[in-house]
1. Over chain B, what relative contact order in percent results from Cα pairs under 8 Å that are six or more residues apart?
2. Would you kindly work out, in nm and rounded to one decimal, the distances from the label point of B:R67 to those of the same position in each other copy, ordered shortest first, with label points 7 Å along Cα-to-Cβ?
3. Quick one: give the max-minus-min coordinate of the C-alpha atoms of the stretch B:5-109 along each principal axis, largest first, in Å.
4. Note down the Stokes-Einstein diffusion coefficient of the protein assembly as shown in µm²/s, whole number, using a Kirkwood radius over alpha carbon pairs, 37 °C, and 0.692 mPa s.
5. Hey, got the dipole for the stretch A:1-87? About the Cα centre, +1 on K and R Cβ, -1 on D and E Cβ, debye to the nearest 20?
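What follows draws every value from the coordinates through simple rules; no lab data is involved. Worth saying up front: this structure is predicted, and the values here are computed from it rather than measured. Cβ atoms come from the backbone with ideal geometry, glycine included; neighbour counts cover every protein chain shown.
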2 protein chains.
Amino acid sequence: MVKSSAARLDSVFHALADPTRRQILRVLATSERTVGEIAKPHKMSLAAVSKHLKVLESAELIARERRGSFHIVRLQARSLKQAEEWIAFYSRFWNEQIDNLERYLEGDTE
Amino acid sequence: MVKSSAARLDSVFHALADPTRRQILRVLATSERTVGEIAKPHKMSLAAVSKHLKVLESAELIARERRGSFHIVRLQARSLKQAEEWIAFYSRFWNEQIDNLERYLEGDTE
DNA sequence: AAAACATTTAACCAAATGGTTGACAGCTTT
DNA sequence: AAAGCTGTCAACCATTTGGTTAAATGTTTT
């Protein structure tokens, strides 16, 4: 399923809006893992973790490869790039606000 | 309501996972607007836009100020900084993948 | 070929999401 | 004080989400 740019941002940001899924990405940043290994530290069922993986997969944040009876999962960070670029557009606004504050404080001391 | 770091990321990423809300942020990047001005370009009701604003506000991505009978809304980009930092942790992974690809392609030509 | 293991899928459930309409509340104008 | 704005809130609805358990699928071992 090919997604529009907006739809891809939708799915990436949605995937990131859950602490379980962010935690999974952190673990995968260390190394690739099987589904079972990913699920173990979580209190929920394996099926629930499997669903989270599907969400991450449809956002193209992970990729799976079947190796024997194991499904091995690895991080695919490329999709995050668009998200970061989207946010980067706004970075000037928080810097601006800081600059304005600094100017205000400088003016205040005179 | 004070949120944990994870909860704040939850609410920011959730707020960004909707095209209407991202569009609202874009408009506010140009200048502050009243709720009515924000709603006009959208096909949905004013109440629906009001709900979207509430989501953005609870993610601290916007701030409101009452001015007479108007509610003036402005961008508050600072919350995006955490989100960007969270993503930045992964930037090395997409660069790494690119590097690996380049190395692979170089090796291939020899 | 049967048993055991790794994972997904299906059916279900409660809660959250994104929209609607209509009533309400706060200013401003008359 | 009544009418007319601007915007929110409440009640409702359909859909999606995030979880569960049980059944199904595919692979390996016995």
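1. Values: 80 pairs, mean separation 28.9, N = 110.
Here the relative contact order equals 26 percent.
2. 5.9
3. 68, 30, 21
4. Details: Rh = 19.6 Å.
Translational diffusion coefficient: 168 µm²/s.
5. Dipole magnitude for the stretch A:1-87 comes out near 260 debye.
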